[in-house]
Every structure is written in structure tokens, then in C-alpha cells.
Amino acid sequence: MDFELDHIAVAGETLADAVEHSEAVLGVPLLPGGQHSHFATHNQLLGLEDGLYFEAIAIDPSQPTPAFPRWFGLDEFRGAARLDKWIIRCSDIAAAQDAFPEAGAPVRLSRGHLSWTMLVPRDGRLPFGGQFPAIIQWHTDTPPGQTLSSSGLRLRSLTVSGPDAHALAERLSPAFRDARVRFETADDRELVAEFTAPDGTSLVLR
């Protein structure tokens, strides 16, 4: 089974922080998203070229704290808003769990007309210091990457840097290959996305 890049996400201690950081770099306003009642989070979105999309996400203080860890390690997120997660999609979440058991257990979720299943670790922490991609299967015929109006921004590259980045690349290589996603060994962990704007300008988001 092959996996494809679905979207990338900026996290913040608050959604306002995540949105402000994203808009300051991308130069376009993010669109309203919604609430994720299961994990008590909320988001805003932006359509990209090539069927991809962008998400700003944070804990939603207006919802009750769940009795279990939130996804994306958001319970422990601290500091400035930053590009923090990337998400790949599959067509068979059970097979994906068999291939990558460390990605977590399937959790069925919905928001409005959207329906999906995501693999979420029991403690909410993705492997490789949070740099392992979250894995999603959409049950909606037209997921956000297909329905959101494109901002005109095209993802040129996503660089995953960390002390074990090449080990992560090797772990994913049997099922995931995307020339836009690069892995670089570095002392510190960081995700860096480079976009091309409609006028050809290069935008770098960290």
C-alpha cells in the first residue's frame, strides 16, 4: 500500500498564535475550520495547490479536557507556534496500522460533513520525537485538499531535520516516497516547508 502526503500543520499554544504565525509567513488569511470534539482541539485551514492543504491547530479551551492524551502531542506543546506535524493518507487504515504499529491505534473522527480515521498513539506522542507522520484515511469522498479553494501556494519542499531523520526515512521508504519530502540529519528537530507563491516568490515556514 502506498501513502501520499495529505497536509501539514502548524501548532500553537493557542489557535490565535498558530494562525498569526502562519499568516505572517504565507501572506494570506487562513479560512475557518472547526472543533474536534473528541480531542478538544480546533483549527483553521488553507487550501494549497496539488490537492494539499494546510492546517493551524491548537487546544480548544472552550471544550472539556478529555480523559486521555490529545493527538499531535498538543498537551505538551510549549513555546512559539511552529510547523510541527505532517500527515500522510492511506486507503486502508488497518493495513497502515499493520505496517506502522508505532503510529498508534485507529480513532474514528468526524467534523461537520467530514469523516476520517487517524492512527493516534495512546500517549499522543508520535515516534521520532514527534516527527513520524500522522496517518489518516478519509471516509469522505471529497476531503479538504479537494474542496478548499486553493490559495495559489504550492508546496515546493518539506524538510524533516533531526538526529534520526535518515532512520525515519528508511522506516517510511517501503511505503512512502515523495520527492518534495526531504530528510536531513541535524542535532535539533525541525520541520521546514518551502512554498512557491503565485508570483514566484519563495516562502519559508518553520
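The values are calculated or read from the model by the stated rules, or taken from the named source; none is laboratory data. From a predicted model like this one, the values you see are computed outputs, not experimental measurements. Every residue, glycine as well, gets a Cβ built from its backbone with ideal geometry; the counts of neighbours run over all protein chains shown.
Numbers below:
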item: Residue within region 193-201 that is among the aliphatic types (A, V, I, L, M), touching a residue at least 40 places away in the same chain (Cβ under 8 Å), in a loop (DSSP other than H, G, I, E, B) and over 21 Å from Glu23 (Cα atoms) present; result: no
item: Strands (runs of 3 or more DSSP E) enclosed by region 39-134 - at least 1 residues per element that are charged (D, E, K, R) and touching a residue at least 24 places away in the same chain (Cβ under 8 Å); result: 53-59, 82-89, 105-111
item: Leading residue by the ranking (modelled with the lowest pLDDT) among those in region 113-128 that are within 16 Å of Gly34 (Cβ to Cβ) and not aliphatic (A, V, I, L, M); result: His113
item: Any chance Pro29 is farther than 16 Å from Leu205 by Cα and not in a strand (DSSP E or B); result: no
item: Answer residue from region 1-17, given it is at pLDDT 95 or above and within 23 Å of Gln146 (Cβ to Cβ) and is surrounded by the most Cβ atoms within 10 Å (Cβ to Cβ) among those; result: Val10
item: Region 158-185, residues that are surrounded by 13 or more Cβ atoms within 10 Å (Cβ to Cβ), without any contact (Cβ under 8 Å) to a residue 40 or more places away in the chain and in a loop (DSSP other than H, G, I, E, B); result: Pro163, Asp164
item: Count of region 148-157 residues which are part of a loop (DSSP other than H, G, I, E, B) and surrounded by 15 or more Cβ atoms within 10 Å (Cβ to Cβ); result: 3
